[in-house]
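One structure below.
The values are calculated or read from the model by the stated rules, or taken from the named source; none is laboratory data. Values in this document were obtained by computation on a predicted structure and should not be read as measured data. Cβ placement follows ideal geometry from the backbone for every residue including glycine, while neighbour counts extend to all protein chains displayed.
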């Protein structure tokens, strides 16, 4: 029998192929395969072939990182190219307290590693917060003050191992799940009874590691557990027989530990003589609530970043290299963008600009920025200066008129609530919340249309908005970049709009807008309001706008007060109509749908419902956004 070209290895095809093979033999030409016992044997052969082909297909898929589906295989393939997936991260909070030790002659007080506090919520939901190393402070006038102590959510656990030279396959596995691998600390003693311990430090590669380097490596293995790897005498100091290993770490709940702001002290304090202090501890003051907790890196993220990390070869030469290296330095990074200074206008040669969106919070603290910049020095090329810039949000404000069939809806409010929930879910998806993302207008409309069977169509308009931090009480120039072309809807002006503010020259609230000079540029004007429709232009040239580049420049202006304050920071909101309804996040712009500005209006579709089949009373909605005076 000639070889068969299989195009689809399903059971029925395999079975038919076997029958065809039998029929090619003259002894089975007129055989009734369906009505005989031979049919059972053919089924067994087909099932065996089907299962074998399925297993072979799965095995072949699992040997490539792009097609692998099992986490253990994806992690192993990533490990082969030097990529270590991010573990769970413990939420961090900062607290302060003091200890009154005036009744005892103490020179210092030590807060012992381990449990420090519990979240002050119901007992069944208490979260434990710990530290991974002792903290000692001096006693001044009978008081020991612990300021800005960083506590991490999780249980402090210690695992011990004894090195056996006779066990050639000995492994040092931390069997507890949900470990924050960044908290792993390792001490090594010569034997189990020794009181002298040597600290080993975690290494991420073999650079600058010699035969005497006291280092260890951490790698993820099966079931999301972690294994400690020590040196072999060439790359890192080799452990000796009977060495006693003490590994301590935190088992954390990840992102569930975020958002706690009230804590109860549960730590252990001792004085400089080793005596336990049980009284005189003040209440804990929360300097920063818990944040930064995250889940273990997902399989899709590993598939995305492992090849990029491998291509960077532990060095930052191109802008893409920074995007793969920074998540290793700063695991709390949700999204990273980087671009060379030569792409700016005017260009800044010799610099690379990096924007980081953390998982929790809107901005990376200045201290962490400096740490990241210092760490990047080990990877970046000499002469290239990395700059960590603040994230810039480009907000999208959709306005939708949604038509619905009243015969299929319990109420318009119920449909509207469902649409709002779906839009909110879409706004949090990875399609939007990352650098370099694009707001896809048609997909947004589809989210609305697919929300409920009663929805018949929708007319959606979008605006884009930037929030500008203003310098109160001093002259300052401002530049606002949208990264997208701005559409001119009306040559009479008012294509952009802003929130109100008070200037040093005007006592009343004033607003910004524009008057086009041509199709490319225009002037920024300042006007005051008498009513919703009556206004007076008080300065017809306080800046300029480039509609093609999507840039606004304001000449020096002294802002005394702003109508809009966010998080205690005065801001000026400026919105514009985009030339295209598909909006992109260019360079350092991070797209976000502002759910507070999502406007959904429900309109009965009287044609679809049959209440007015002629359509004479149909309410039509305009897709046109005019440039008439509108204030936000």
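Worth a mention:
- Conditions (1) surrounded by 15 or more Cβ atoms within 10 Å (Cβ to Cβ); (2) modelled with pLDDT of 90 or more; (3) closer than 21 Å to residue 258 by Cα; number of the one not met by residue 119: (2)
- Any hit, segment 76-95, residues being more than 24 Å from the chain's Cα centre (by Cα), buried (at least 18 other Cβ atoms within 10 Å of the Cβ) and in a strand (DSSP E or B): yes
- Test result for residue 177, surrounded by fewer than 16 Cβ atoms within 10 Å (Cβ to Cβ) and either over 31 Å from the mean Cα position of the chain (by Cα) or in a strand (DSSP E or B) (or both): no
- Put simply, of 281, 352, 299 the only residue that is touching a residue at least 24 places away in the same chain (Cβ under 8 Å) and assigned by TED's automatic domain parsing to the domain that holds residue 128 is 281.
- For residue 207, the criteria (1) surrounded by fewer than 11 Cβ atoms within 10 Å (Cβ to Cβ); (2) assigned to a strand (DSSP E or B) hold in every case but one, which is (2).
- Matching residues, segment 389-423, being in contact with a helix residue (DSSP H, G or I) (Cβ under 8 Å, 6 or more places away or on another chain), outside any helix (DSSP H, G or I) and closer than 30 Å to residue 356 by Cα: 395, 397, 398
- Criterion: at pLDDT 85 or above, surrounded by 21 or more Cβ atoms within 10 Å (Cβ to Cβ), assigned to a strand (DSSP E or B) and out of contact with any helix residue (DSSP H, G or I) (no Cβ under 6 Å at 6 or more places or on another chain) - qualifying residue of 603, 574: 574
- Complete set of residues in segment 201-227 that are farther than 22 Å from residue 296 by Cβ and touching a strand residue (DSSP E or B) at 6+ places or on another chain (Cβ under 8 Å): 201, 209, 211, 213, 214, 215
- Members of segment 443-471 that are loosely packed, with under 15 Cβ neighbours inside 10 Å and touching a residue at least 60 places away in the same chain (Cβ under 8 Å): 469, 471
- Residue match in segment 222-232 (condition: surrounded by fewer than 16 Cβ atoms within 10 Å (Cβ to Cβ), more than 26 Å from residue 90 (Cα to Cα) and without any contact (Cβ under 8 Å) to a residue 24 or more places away in the chain): yes
- Of all the listed residues (537, 552), the sole one being in contact with a strand residue (DSSP E or B) (Cβ under 7 Å, 6 or more places away or on another chain) and surrounded by 15 or more Cβ atoms within 10 Å (Cβ to Cβ) is 552.
- Residue 48 being at pLDDT below 90 and in a helix (DSSP H, G or I): yes
- Residue count, segment 322-333 (criterion: touching a strand residue (DSSP E or B) at 6+ places or on another chain (Cβ under 8 Å) and either modelled with pLDDT of 75 or more or assigned to a helix (DSSP H, G or I) (or both)): 7
- Any hit, segment 351-358, residues being touching a strand residue (DSSP E or B) at 6+ places or on another chain (Cβ under 7 Å), surrounded by fewer than 18 Cβ atoms within 10 Å (Cβ to Cβ) and part of a helix (DSSP H, G or I): no
- If the condition is being part of a loop (DSSP other than H, G, I, E, B) and surrounded by 17 or more Cβ atoms within 10 Å (Cβ to Cβ), then segment 236-281 contributes 236, 237, 239, 243, 252, 253, 258, 260, 267, 280.
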